[in-house]
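Input: a single structure, listed below in structure tokens.
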Amino acid sequence: MNLWVLVLATAGGCYALKVAGYLVPARLLDAPQVRRLVELLPVALLAALVVVEAVASGRHLQWDAARLAGFGAAAVAVWRRAPFLAVVVIAAVVAAAARQI
Amino acid sequence: MLEESPRAVVRDSVGVGLAVGAYGVAFGAASVAAGLSVLQTSVLSLLAFTGGTQFAVVGVVSGGGTLATALGGGLLLGARNTLYAMRLAPLLRQRGLRRFVAAQGTIDESTAMAVARRDPALARVAFWWTFVAIYVCWNATTLAGAVGAQALGDPAKFGLDAVVPAAFLALLAPRLRNGDERSRDANGADTAARSRESLRIAAGAALIALVLIPLTPPGVPVLAAAAAVLLAGRLR
């Protein structure tokens, strides 16, 4: 994969999506279907990404104990409403420590 | 919300900006670990400037996905910024070129800080200060994380492989909670029902992704989960 193509296409696409919101007529938002989709789409994407990043290694399921320990600790931190930075630090520290064992 | 002084709004906005911007470290490190160069990583933060999408794209790259699946997942996630822009447009009332600057700063946090204010003048203060604080901090920490990860070597040794799913979970959680600022509707819609629906959607998407991991190329499970949700929304 050409990473530069990906980087620039992502950047261009993201900016276009943001600009589009300022250019389209606001009444599009009045349609409840549109609202629902735009609200729920990130929920579905993020939930799927959590799973994929936690247990996938390419096309294989990989139950890596250290990675899952870090992720589990982070999940507890999220549940306890820890700030974002604390969550990612906890994930890294616990996974790294578990890997040393 | 009580009467606020513009100074208090600036202080809050910068505070949020610095706190959120700091996790650019995690993105910079994850991106270099996925195989992007330090320059590519920084260009993503400077130009794409939307954390969830950036994490999603490098996540697919590290999993060995194709350009199309990485881009597809990233842009779908970035589409929420379109909705934010539509909500902000009448509030910010920017004309001409400034609209195109405001567009770049239209992300989760700047939107949340702006729409929380009743007074449009304060909303504008909140938007611009949050944007600037996050932009500066996010890009500085992205570079630091990228350079740091490059110097450290094997990312798994430092637990960085656990950072990405943790980051996504932290981004997801506020969308599943009752009465959260972002899920609260201006018309006072039933947030508990919405939150239950979000939970169902999240569980369904997670399950679809899990089942598809061994069956489809990397990147596809995420897109398929999103497609299933689009379909569910249409069926109702």
When you scan the stretch A:1-83 for helices (runs of 4 or more DSSP H) that lie fully inside it, which ones turn up with 2 or more residues that are farther than 30 Å from B:Leu67 by Cα and within 19 Å of the chain's Cα centre (by Cα)?
-> A:65-79
Write out, first by first residue and then by second, each pair whose Cβ atoms fall under 6 Å of each other, whose residues are 6+ apart or on separate chains, and whose first residue, in the stretch B:156-179, is within 7 Å of another protein chain (Cβ to nearest Cβ) and in contact (Cβ under 8 Å) with a residue 60 or more places away in the chain while the second is charged (D, E, K, R) and in a helix (DSSP H, G or I).
-> B:Asp161/A:Arg67; B:Val164/A:Glu53
Can you confirm whether the stretch A:26-41 contains a residue that is touching a helix residue (DSSP H, G or I) at 6+ places or on another chain (Cβ under 8 Å), among the polar types (S, T, N, Q) and closer than 17 Å to B:Pro221 by Cα?
-> no
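How do the helices (runs of 4 or more DSSP H) wholly within the stretch B:44-107 filter down when requiring 2 or more residues that are under 18 Å from A:Val24 (Cβ atoms): which remain?
On the way: elements: B:51-62, B:67-78, B:80-92, B:97-104.
In the stretch B:44-107, the matching helices (runs of 4 or more DSSP H) lie at B:67-78, B:80-92, B:97-104.
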Please enumerate the residues belonging to the stretch A:1-50 that are aromatic (Phe, Trp, Tyr) and at pLDDT 95 or above.
-> A:Trp4, A:Tyr15
Working only within the stretch B:55-67, note down all residues that are touching a Phe, Trp or Tyr at 6+ places or on another chain (Cβ under 9 Å) and within 8 Å of another protein chain (Cβ to nearest Cβ).
-> B:Phe55, B:Ala56, B:Gly59
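Somewhere in the stretch B:83-92, is a residue within 30 Å of B:Ala225 (Cα to Cα) and among the basic types (Lys, Arg)? Give the steps one after another, and end with the answer.
Looking only at the stretch B:83-92, we keep the residues that are within 30 Å of B:Ala225 (Cα to Cα), and these are B:83-88.
Within this subset, residues satisfying the condition of being among the basic types (Lys, Arg) are B:87.
Yes; the residues of the stretch B:83-92 include at least one that is within 30 Å of B:Ala225 (Cα to Cα) and among the basic types (Lys, Arg).
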For A:Ala56, state whether it is free of Cβ contacts under 8 Å to residues at least 40 places away in the same chain and touching a Phe, Trp or Tyr at 6+ places or on another chain (Cβ under 8 Å).
-> no
If we scan the stretch A:33-46, do we find a residue that is surrounded by 15 or more Cβ atoms within 10 Å (Cβ to Cβ), hydrophobic (A, V, I, L, M, F, W, C) and closer than 16 Å to B:Ala162 by Cα?
-> yes
Scan the stretch B:200-222 and give yes if some residue there is under 30 Å from A:Val93 (Cβ atoms), modelled with pLDDT under 85 and more than 9 Å from chain A (Cβ to nearest Cβ), otherwise no.
-> no
Name every residue in the stretch B:113-164 that is of a type in the set (A, V, I, L, M, F, W, C) and farther than 29 Å from A:Ala75 by Cα, in order of residue number.
-> B:Ala121, B:Leu122, B:Ala123, B:Val125, B:Ala126, B:Phe127, B:Trp128, B:Trp129, B:Val132
Can you name the residue in the stretch B:33-43 that is at the interface with chain A (Cβ under 7 Å from one of its Cβ atoms) and part of a helix (DSSP H, G or I) and is also nearest to A:Gly13 (Cα to Cα) among such residues?
-> B:Val43
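Of all residues in the stretch A:52-67, which are more than 8 Å from every other protein chain (Cβ to nearest Cβ) and among the hydrophobic types (A, V, I, L, M, F, W, C)? Give the derivation first.
Of the residues in the stretch A:52-67, the ones more than 8 Å from every other protein chain (Cβ to nearest Cβ) are A:62-63, A:65.
Correct list: A:Trp63, A:Ala65.
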For the stretch A:40-80, name all the residues that are closer than 25 Å to A:Ile101 by Cα and among the basic types (Lys, Arg).
-> A:Arg67
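Within the stretch A:1-10, does at least one residue satisfy the condition of being of a type in the set (Gly, Ala, Ser), farther than 23 Å from B:Ala173 by Cα and within 7 Å of chain B (Cβ to nearest Cβ)? Please lay out each step first, then the result.
Let us first name the residues in the stretch A:1-10 that are of a type in the set (Gly, Ala, Ser), namely A:9.
Next, only the ones that are farther than 23 Å from B:Ala173 by Cα stay: A:9.
Those still in the list that are within 7 Å of chain B (Cβ to nearest Cβ) too: A:9.
The answer is yes, given that some residue of the stretch A:1-10 is of a type in the set (Gly, Ala, Ser), farther than 23 Å from B:Ala173 by Cα and within 7 Å of chain B (Cβ to nearest Cβ).
Would you confirm, using the coordinates I've provided, whether B:Gly72 is surrounded by 24 or more Cβ atoms within 10 Å (Cβ to Cβ), more than 7 Å from chain A (Cβ to nearest Cβ) and over 22 Å from B:Thr142 (Cα atoms)? Step through it out loud before you land on a result.
Working: surrounded by 24 or more Cβ atoms within 10 Å (Cβ to Cβ): no; more than 7 Å from chain A (Cβ to nearest Cβ): yes; over 22 Å from B:Thr142 (Cα atoms): yes.
For B:Gly72, the condition - surrounded by 24 or more Cβ atoms within 10 Å (Cβ to Cβ), more than 7 Å from chain A (Cβ to nearest Cβ) and over 22 Å from B:Thr142 (Cα atoms) - is not met.
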Output for Cβ contacts, cut-off 7 Å, separation at least six or different chains, first residue more than 7 Å from chain A (Cβ to nearest Cβ) in the stretch B:76-99, second assigned to a loop (DSSP other than H, G, I, E, B), reads B:Leu88/B:Thr106
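The values are calculated or read from the model by the stated rules, or taken from the named source; none is laboratory data. All values reported here derive from a predicted model rather than from experimental measurement. Don't worry about glycine lacking a Cβ; one is built from the backbone with ideal geometry, like all the others, and counts go over all protein chains shown.
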